[in-house]
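The values are calculated or read from the model by the stated rules, or taken from the named source; none is laboratory data. What you are looking at is a predicted structure, and each value in this text was computed from that prediction instead of being measured. Cβ coordinates were reconstructed from backbone atoms using ideal geometry, including for glycine residues, and neighbour counts include every protein chain displayed. When the accessible area is computed, the model is the full protein with side chains, heavy atoms only, and any ligands, DNA or RNA have been set aside. Shrake-Rupley method; radii C 1.70, N 1.55, O 1.52, S 1.80 Å.
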Amino acid sequence: FHATFSRSPQHERLLIQVVNSTAHVLQGEVTPMREIKVVANSKNLSLTSAKILWPKEVKLECRRRGDEWEIPLPDIGIYTVVGIDLANEQE
């Protein structure tokens, strides 16, 4: 899979676009990606919530594991957008 990351200009949201590249290898057939998770260093990222934004909005669980945030993703078809809401850095 491929993922791109972007942060909103106000730094209140991190967007992650996840593309399942198996479709190219399998000539149009898509094998869902399973057990994918977002992992981030909690010292660099203060998050408040996360959700799938596309193809269907779904709230995601955010787990704190020591110095890391872990966000398990549901099975991914061809394309998914994840939104991570960030805490105000001035708080």
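Tabulated values for the structure
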{"read-out": "Residue in the stretch 24-44 that is modelled with pLDDT under 85 and of a type in the set (Gly, Ala, Ser) present", "value": "yes"}
{"read-out": "Residue count for the stretch 30-52, restricted to those that are assigned to a strand (DSSP E or B), open to solvent by less than 50 Å² (accessible area, probe 1.4 Å) and not small (Gly, Ala, Ser)", "value": "4"}
{"read-out": "THR4 among the polar types (S, T, N, Q) and either part of a strand (DSSP E or B) or surrounded by 14 or more Cβ atoms within 10 Å (Cβ to Cβ) (or both)", "value": "yes"}
{"read-out": "The stretch 77-89, subset within 25 Å of THR31 (Cα to Cα) and at pLDDT 90 or above, residue most open to solvent (accessible area, probe 1.4 Å)", "value": "TYR79"}
